[in-house]
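A short reminder: the numbers here are calculations on the coordinates, not readings from a lab. Note that the structure is predicted; figures quoted are calculated from it, not measured. Every residue, glycine as well, gets a Cβ built from its backbone with ideal geometry; the counts of neighbours run over all protein chains shown.
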Amino acid sequence: AQSVAQPEDQVNVAEGNPLTVKCTYSVSGNPYLFWYVQYPNRGLQFLLKYITGDNLVKGSYGFEAEFNKSQTSFHLKKPSALVSDSALYFCAVRDSDSWGKFQFGAGTQVVVTP
Amino acid sequence: EAGVTQSPTHLIKTRGQQVTLRCSPISGHTSVYWYQQALGLGLQFLLWYDEGEERNRGNFPPRFSGRQFPNYSSELNVNALELEDSALYLCASSLALDGDSYEQYFGPGTRLTVT
């Protein structure tokens, strides 16, 4: 069985401040982890993924995420948020034993204020 | 390069009717996924097709079905529509899963309203 949790419905941050969006997961095998972003009136866009290798993954638009196996977390981070980062962010996981069946979190709304 | 396309954009149906949604993947992608995004519920995995075969399905009743054609486009069929089927239906495509896990590219979705 696999599951993913995004504990915060909304994250508010001032422009220029660090941004963190939390994600925890549960899988029986090895996790394949993804972050996607959904801008208003636009489709979901891929940001980054962790399959194997370095725990720190760098992605699009200056985002990065750190895979922490002991804490079963894959938090999304950006050192300096922009107003244009305001969007809905989804964490997704696929268990290595569960081909094609991706579990998405409920999403976290990020609001960046000027 | 054209992205994932879906049709129609919006659809209004009456309870009990049947609906067909269509998706064209990115050229070269053989895997197609369908998701339901109901208000406040995030994305729920519906179906995965690869090379014309249904490879996996989520926890949805059998009235949700689909198929993938030889050109890798796909249809999602929903029979006996219920009010709670009202949602945004998203299609995504990816390269095939060959021991790795590729990111998915999403279409803009079909907004289905059941009255």
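So here's what we get for this one:
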read-out	value
Translational diffusion coefficient (Stokes-Einstein; Kirkwood radius from C-alpha pairs) of the protein assembly as shown at 37 °C, 0.692 mPa s, in µm²/s	182 µm²/s
Descending semi-axes in whole angstrom, ellipsoid equivalent of chain B, from the Cα gyration tensor	23, 14, 13
Kirkwood Rh in Å, taken over chain A so that all alpha-carbon pairs contribute	14.1 Å
Rel. contact order, % - alpha carbon contacts under 8 angstrom, at least six apart, chain A	38 percent
Inter-part distance where region A:1-44 and region A:51-86 are each reduced to a Cα centre, Å	9 Å
Prolate/oblate/rounded label for region A:17-70 (Cα gyration tensor, a/c 1.5)	prolate
Entries of A:Lys22/A:Lys77; A:Lys58/A:Lys78; A:Lys22/A:Lys101; A:Lys49/A:Lys101 with Cα pairs more than 18 Å apart	A:Lys22/A:Lys101
Burial ranking of peptide ranges A:86-97, A:28-39 (average Cβ count within 10 Å, highest at the top)	A:86-97, A:28-39
Positive-end residue, the protein assembly as shown charge dipole about Cα centroid, Cβ charges, pick of B:His10, B:Asn71, B:Ile26	B:His10
